[in-house]
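Data block below; observations after.
The values are calculated or read from the model by the stated rules, or taken from the named source; none is laboratory data. Values in this document were obtained by computation on a predicted structure and should not be read as measured data. Because the Cβ atoms are built from the backbone with ideal geometry, glycine has one as well, and the counts that use them run over all protein chains shown. These accessible areas exclude ligands, DNA and RNA; they are computed on the full protein's heavy atoms, side chains included. Shrake-Rupley method; radii C 1.70, N 1.55, O 1.52, S 1.80 Å.
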Amino acid sequence: MLIQLHKQATTTPKVRAAIQSSNEAASVLAERFGTTEQTVYKWRPRDSVQDRSHTPHRLQTTLTPA
């Protein structure tokens, strides 16, 4: 199975699943996996281990009828 991660990804789906299933403190997990505590806090409540799209959901411009 090929995984497409962006260049600066610090976690893989396997690491993300381990973070989600663990009850250890965020500081312990961050040190174990070489990430920040913010990364642990980000992945814990998510439903899936896949990256979300970085495409904006709303355009930052206003379109005219023309």
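At-a-glance table
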read-out: All positions within the stretch 45-66 that are under 11 Å from GLN20 (Cβ atoms) and either exposed (fewer than 10 other Cβ atoms within 10 Å of the Cβ) or modelled with pLDDT of 90 or more (or both); value: PRO45, ASP47
read-out: Those residues of the stretch 30-44 which are open to solvent by 100 Å² or more (accessible area, probe 1.4 Å) and either aromatic (Phe, Trp, Tyr) or outside any helix (DSSP H, G or I) (or both), in sequence order; value: TYR41
